[in-house]
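Heads up, the thing below is written out as structure tokens.
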Amino acid sequence: MLSRERLGFLCFALLIALGPLVFKGGYLMNVLVYVGINTMLAIALNLLLGYAGQISLGHAGFFGMGAYLSGILTATYGWNPWLAMPFAAAVVGCLAGLIGFPVLKLKGHYLAMATLGLGIIIYIVFNETVQLTGGPSGFSGIPNLSIASLTFDSDVKSYYLVWSFALAVMLFSLNLASSRVGRALRAVHDSEVAARVMGVNARLLKVQIFALSAVICSLAGSLYAHTVTFVSPASFGFNFSIELLTMVVIGGLGSIYGSFLGAALLTLLPEFLRGANDYDIIIYGSLLMVMVMFMPGGVVRCIADLYRKLAKPKHEGGHA
Amino acid sequence: MLELHGITQVFGGVTALENVSFTIEKGDITGVIGPNGAGKTTLFNIITGIYCQTAGTVHLEGEDISGLPPEQLVRRAMVRTFQNIELFGGMTVCENVMVGMHTKSTSGLLACALKMPWSVSEEQRIREGALTWLEVTGISDLAEVTAANLPFGKGRLLEIARALAVEPRIILMDEPAAGLNSQETVALAQLIKRIRDMGITVVLVEHDMELVMDICDRIVVLNLGRKLAEGTPREIQENRDVIAAYLGDDD
């Protein structure tokens, strides 16, 4: 028996799988690869912010660490990419866990500041360790991922590669969200003191989810590095951390599908606005403002409310 | 069951509690009363590990539990409710109670995310358990309602259901009748007696004297951070010091 949630996910996965048939390669295919990577990142941040209620303004740093570690280990040291990816994720996860212990004691604005600082430090390291990372001019020559004779070097191949990971992360997070751990996370979000009284070790849980979130970011970073084959610090700066935050908020806090919508919207929108020349940034900004004003619960909540409003009159019509 | 010895709490220059000692007997409903600012809630926060006392010890069934955090105390079967109900507002009523069963389940982060067979069957058990507790408190018809949308009285019941899901041996309730109407208070009194009959020791801070005198086996009176009196409801009602503290002693 398939539950409704499972069925919903299968439909979603099917739609994703059919993507390349609809778009027939081309430029949009390339953008959809980024949508997949950004979906992973938005979900990672949403687990932390939307579920556990802990903000991070440094997530681009974890993304960058995954990318650089994978890139350097494979291109400079000749590691197998499939080995570099989990190794990078483990390193980033451990680091996030170590940093998380003291940092996640902070709340609200102070936590935002601390994670902001963390992101900036990581960014500076990318720029300054020129010997290792190539500094501001970037790091190139990163190999594509490959399985036997299949190398993921075209947009369509990258699309399937990236989305396999993105869908796995999505399923993983959906499962997590509906489990006892997911409930404990939301409990910490709603009332930390009550969660603790119920036996939830809030401190440990926050560190765990921070580390998990960083691991997902690192995986996304590795995929990015092996797909684009070139990385530079500019992709992992403070701006990108804010963009991730925007994806999560626009899509809907505490909604995994919302993270996909937010990521898709914020990745595709600038592409569609390309034609507007210099006005694109103004339109982009205005759209975001309007969305936050009129859909405070995110796109997902808005769609759910709309559906309920449309469905309701039918029920009431019978009584009237 | 619960022994307090020489509890003192100082906030900055203010002494909120001074050398408070008393013992709570197993199976009793004990009321802690006193005028506003007597230190009742502070005392609760110390017992349940939210604050750490300046001096004094708390023993639960002989074990020194002074300074243990709440997440440790719940594993020793102690639980509490809050004066301003602390629900998980974004979750359904059923999910709230399911969090109460956190310590009765063990699946870790990875087992949950990978839907391991044991975590799936555990989830089923948690849900069924939660529904049982909703029935005990009479709110099972609200299982799928978002907790933030509950009327206040139902929120109280939910908080009690969630606390019972912990399967406590002792439950501390901070003003359970505050904000309830008279009907709801009567139902609450019945529920608290039923909780005692389940073999759970009950301690409550309460301002509703009628409720306290009705259901409590023993009463401890605090005034200005000190223990003023201790005894059965009858003894307390006749205690001159208590009457003076409540009504003023300038006669």
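Every number in this text was worked out from the coordinates using simple rules, so none of it is lab data. As the structure is a computational prediction, the values presented were derived from the model and not from experiment. All Cβ positions, glycine included, derive from the backbone under ideal geometry; neighbour counts span all protein chains shown.
For region A:28-236, calculate the relative contact order in percent as a whole number, restricting contacts to Cα pairs under 8 Å that are 6 or more residues apart.
Values: 311 pairs, mean separation 94.5, N = 209.
Reported as a whole number, the value is 45 percent.
Would you order B:D28, B:D197, A:D305, B:D208 from fewest to most other beta-carbon atoms within 10 Å of each residue's own beta-carbon? Before the final figure, lay out the partial values.
Numbers: B:D28 15, B:D197 9, A:D305 12, B:D208 20.
Final ranking by Cβ density, sparse to dense: B:D197, A:D305, B:D28, B:D208.
Taking each full run of DSSP H in chain A as one helix, which ones are at least 18 Å long along their axis (Cα atoms) and have mean Kyte-Doolittle hydropathy of at least 0.0? Can you show the working numbers first?
Working: long enough: A:4-23 (28 Å, 1.55); A:26-46 (30 Å, 1.41); A:59-75 (24 Å, 1.02); A:81-103 (32 Å, 1.77); A:108-128 (30 Å, 1.30); A:155-177 (32 Å, 1.20); A:202-228 (38 Å, 1.30); A:238-251 (20 Å, 1.69); A:256-272 (24 Å, 1.41); A:280-294 (21 Å, 2.13); A:298-319 (33 Å, -0.53).
Those that pass (Cα extent of 18 Å or more, hydropathy at least 0.0) are A:4-23, A:26-46, A:59-75, A:81-103, A:108-128, A:155-177, A:202-228, A:238-251, A:256-272, A:280-294.
Using modelled backbone amide H atoms (1.01 Å from N, in-plane), which distant-in-sequence or interchain residues come within less than 5 Å of B:M173's amide H?
Result for B:M173 returns B:T81, B:V203, B:L204, B:V205.
What is the diffusion coefficient of chain B in µm²/s, taking the Kirkwood radius over Cα pairs and the Stokes-Einstein relation at 10 °C with a viscosity of 1.306 mPa s?
On the way: Rh = 19.1 Å.
Roughly 83 µm²/s, to the nearest whole number.
If you build a Gaussian network model of chain A, linking Cα atoms that sit under 10 Å apart, which residue out of A:G252, A:G117, A:G298 swings the most?
A:G117
Roughly how many Å is it from the Cα centre of region B:158-190 to that of region A:269-293, as a whole number?
So the two Cα centres are separated by 53 Å.
What is the mean number of Cβ atoms from other protein chains located within 10 Å of the Cβ atom of each residue in peptide A:181-193, rounded to a whole number? Before the final figure, lay out the partial values.
Values: counts 10, 4, 11, 6, 1, 7, 11, 2, 4, 10, 7, 1, 7.
What the average comes to for A:181-193 is 6.
Using the beta-carbon distance between A:S146 and A:T76 and R0 = 22 Å, what value does 1/(1 + (r/R0)^6) give for FRET efficiency, to the nearest 0.05? Numbers along the way, then the final one.
Numbers: r = 19 Å, r/R0 = 0.85.
The computed FRET efficiency comes out at 0.75.
Cα extents of region A:28-236 along the three principal axes, largest first, in whole Å?
Sorted largest first, the three principal extents are 54, 35, 29 Å.
Which listed residue (A:S222, A:P102, B:M213) has the Cα farthest towards the positive end of the charge dipole for the protein assembly as shown, taking +1 on Lys and Arg C-beta and -1 on Asp and Glu C-beta about the Cα centre?
A:S222
Can you work out D for region B:157-251 in µm² s⁻¹ from Stokes-Einstein, where Rh is the Kirkwood radius over C-alpha pairs, the temperature is 37 °C and the viscosity is 0.692 mPa s? Write out the running numbers ahead of the final one.
Working: Rh = 14.5 Å.
D, rounded to a whole number, is 226 µm²/s.
Could you work out how far apart the two model spin labels at B:T106 and A:I242 are, taking each label as a point 7 Å from the Cα in the direction of the beta carbon, and quote it in nm?
4.8
Enumerate by residue number the trypsin sites (Lys or Arg not before Pro) in region A:144-213 meeting two conditions: DSSP loop (anything except H, G, I, E, B), and at most 11 other Cβ atoms within 10 Å of the site's Cβ. Mind dumping the intermediate values first?
Working: sites: A:K157, A:R180, A:R183, A:R186, A:R196, A:R203, A:K206; in loops: none.
Sites meeting the loop and neighbour criteria: none at all.
Taking the number of other C-beta atoms within 10 Å as the exposure measure, put B:C112, A:C94, A:C11 in order starting with the fewest. Spell out each step's value before the answer.
On the way: B:C112 25, A:C94 13, A:C11 10.
Sorted ascending by nearby Cβ count, the order is A:C11, A:C94, B:C112.
Filter the cross-link list A:K107/B:K40; B:K115/B:K154; B:K40/B:K227; A:K309/B:K154; A:K105/B:K115; A:K107/A:K206 down to pairs whose alpha-carbon distance in this structure exceeds 22 Å.
A:K107/B:K40; B:K115/B:K154; A:K309/B:K154; A:K105/B:K115
Assuming a ≥ b ≥ c are the square roots of the Cα gyration tensor eigenvalues, decide whether region A:175-289 counts as rounded (a/c under 1.5), prolate (otherwise, with a/b larger than b/c) or oblate.
Numbers: a/c = 2.80, a/b = 1.78, b/c = 1.57.
Taking the square roots of the gyration eigenvalues as a ≥ b ≥ c, region A:175-289 is prolate.
Report the Cα centroid-to-centroid distance between region B:111-152 and region A:1-64 in angstrom, as an integer.
That distance is 29 Å.
Identify the residues of region A:20-60 with backbone N under 19 Å of a label point that sits 7 angstrom from the Cα of B:A148 along the Cα-to-Cβ direction, or state none.
The answer is A:46-55.
State the answer as a single residue: which of B:C112, B:L68, B:L204 lies farthest towards the positive end of the charge dipole of chain B, with beta carbon charges of +1 for Lys and Arg and -1 for Asp and Glu, about the Cα centre.
Of the options given, the answer is B:C112.
Could you give the dipole magnitude of the protein assembly as shown about its Cα centre, charging the beta-carbon of Lys and Arg +1 and that of Asp and Glu -1, in debye to the nearest 20? Before the final figure, lay out the partial values.
Details: 39 positive and 46 negative charges, 366 e Å.
Computed charge dipole of the protein assembly as shown: roughly 1760 debye.
Can you pull out the trypsin sites (Lys or Arg not before Pro) in region B:1-76 that DSSP calls coil and that have at most 16 other Cβ atoms within 10 Å?
On the way: sites: B:K26, B:K40, B:R75, B:R76; in loops: B:K26.
When the trypsin sites (Lys or Arg not before Pro) of region B:1-76 are filtered for loop state and at most 16 Cβ neighbours within 10 Å, B:K26 remain.
Find which of A:G138, A:L73, A:L205 sits farthest along the positive direction of the dipole of chain A, computed with +1 on the beta-carbon of Lys and Arg, -1 on that of Asp and Glu, about the Cα centre.
Most positive-ward Cα: A:L205.
How large is the charge dipole for region A:28-236, taken about the Cα centre, if only the Cβ atoms of Lys, Arg (+1) and Asp, Glu (-1) carry charge, to the nearest 20 debye? Don't jump to the answer; show the numbers that get you there.
Details: 9 positive and 5 negative charges, 148 e Å.
It comes to approximately 720 debye.
Going through region A:1-52, which trypsin sites (Lys or Arg not before Pro) have at most 14 other Cβ atoms within 10 Å and a DSSP loop state? Don't skip to the end; give the middle numbers.
Details: sites: A:R4, A:R6, A:K24; in loops: A:K24.
Qualifying residues, ordered by number: A:K24.
Per 20 Å bin from zero, what fraction in whole % of the C-alpha pairs of the protein assembly as shown is there, up to the bin with the longest pair?
19, 44, 27, 10, 1
List A:S191, A:S137 from most exposed to least, where exposure is judged by having the fewest other Cβ atoms within 10 Å. If you can, show how the numbers build up before the last one.
Numbers: A:S191 18, A:S137 11.
With the sparsest Cβ surroundings first, the list reads A:S137, A:S191.
Quick one: putting +1 on the C-beta of Lys and Arg, -1 on the C-beta of Asp and Glu, what dipole do you get for region B:162-251 around its Cα centre, in Debye to the nearest 20?
On the way: 10 positive and 17 negative charges, 106 e Å.
Using Cβ point charges on Lys, Arg, Asp and Glu, region B:162-251 gives about 500 debye.
Looking at the calculated P(r) for region A:183-238, what percent of the C-alpha pair distances fall above 15 Å?
Details: 933 of 1540 pairs.
More than 15 Å apart: 61 percent of the Cα pairs in region A:183-238.
Take the alpha-carbon positions of region A:211-250, form their convex hull, and give its projected area averaged over all directions (one quarter of the hull surface) in nm².
Values: hull surface 13.0 nm².
Averaged projected area of region A:211-250's Cα convex hull equals 3.3 nm².
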